[in-house]
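Shown next, in structure tokens, is the structure this report addresses.
The values are calculated or read from the model by the stated rules, or taken from the named source; none is laboratory data. Source: prediction; values computed, not measured. Cβ placement follows ideal geometry from the backbone for every residue including glycine, while neighbour counts extend to all protein chains displayed.
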Amino acid sequence: MNELKRVLKPGGKILIIDMVAVPPKWYEIPVLIKSKWSMYWHRFKNKDYHNNLTRLVTHPDWKHMLKHNPIRAEHEMKWYLESRFPNSKVEKINIGMNSCILAFDSGNIDMMKDINLTYP
């Protein structure tokens, strides 16, 4: 966190978009269905994009990267970010069967809590 403060200009912000592992909640099912329909339509309209994305996520280097950088849990990302930026919230922007996409806008970096982390 100190490094983020150091490299950002005063008043700067952090934007994060990440995938987390979480099944949909019952009340999110309509959004999941809409998202799936949109994905299939997008796949039909943009075959090259879909083929390139499939090649990316099936590549051995991608699988190797996931082994060392696992997809986080939703509650872990929310706690980590929201505890450091008390006036900012993590939002879901897409829902899948086993994961979702979260977005986070820190707002003014000067509002970040100073947390001194120690390591064993």
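Scanning region 7-22 for residues that are under 25 Å from Asn69 (Cα atoms) and exposed (fewer than 14 other Cβ atoms within 10 Å of the Cβ) returns Val7, Leu15, Ile16, Ile17. Under 6 Å between Cβ atoms, at least 6 apart or on separate chains: pull out the pairs that start in region 3-24 with a residue that is in a strand (DSSP E or B) and end on any residue that is β-branched (Val, Ile, Thr). Note: pairs meeting the criteria are Met19/Ile71; Met19/Ile101; Ala21/Ile71. Note on region 85-111: residues that are under 13 Å from the mean Cα position of the chain (by Cα) and among the hydroxyl-bearing types (Ser, Thr, Tyr) amount to 1.
Picking from residues in region 87-120 that are in a loop (DSSP other than H, G, I, E, B) and of a type in the set (Lys, Arg), the one that is modelled with the highest pLDDT is Lys89.
Taking region 54-86 as the range and being at pLDDT below 85, closer than 22 Å to Pro24 by Cα and of a type in the set (Lys, Arg) as the test, only Arg72 passes.
Kindly indicate the residue of region 4-49 that is farther than 30 Å from Met112 by Cβ and β-branched (Val, Ile, Thr) and also modelled with the lowest pLDDT among those meeting that condition. Here the residue is Val31. Residue selection: His42 satisfies the criterion of being assigned to a helix (DSSP H, G or I) and either surrounded by 11 or more Cβ atoms within 10 Å (Cβ to Cβ) or in contact with a helix residue (DSSP H, G or I) (Cβ under 8 Å, 6 or more places away or on another chain) (or both).
Set side by side, the residues Asp48, Asp61 differ, and just one is free of Cβ contacts under 8 Å to residues at least 12 places away in the same chain and over 21 Å from the mean Cα position of the chain (by Cα), which is Asp48. Total residues in region 64-96 satisfying the condition of being in contact (Cβ under 8 Å) with a residue 12 or more places away in the chain and of a type in the set (Ser, Thr, Tyr): the figure is 2. Could you list, in sequence order, all residues of region 66-84 that are over 16 Å from the mean Cα position of the chain (by Cα) and either surrounded by 10 or more Cβ atoms within 10 Å (Cβ to Cβ) or of a type in the set (Phe, Trp, Tyr) (or both)? Scanning region 66-84 gives Ser83, Arg84. If the condition is being of a type in the set (Lys, Arg) and in contact with a helix residue (DSSP H, G or I) (Cβ under 9 Å, 6 or more places away or on another chain), then region 64-103 contributes Arg72, Lys89, Lys92.
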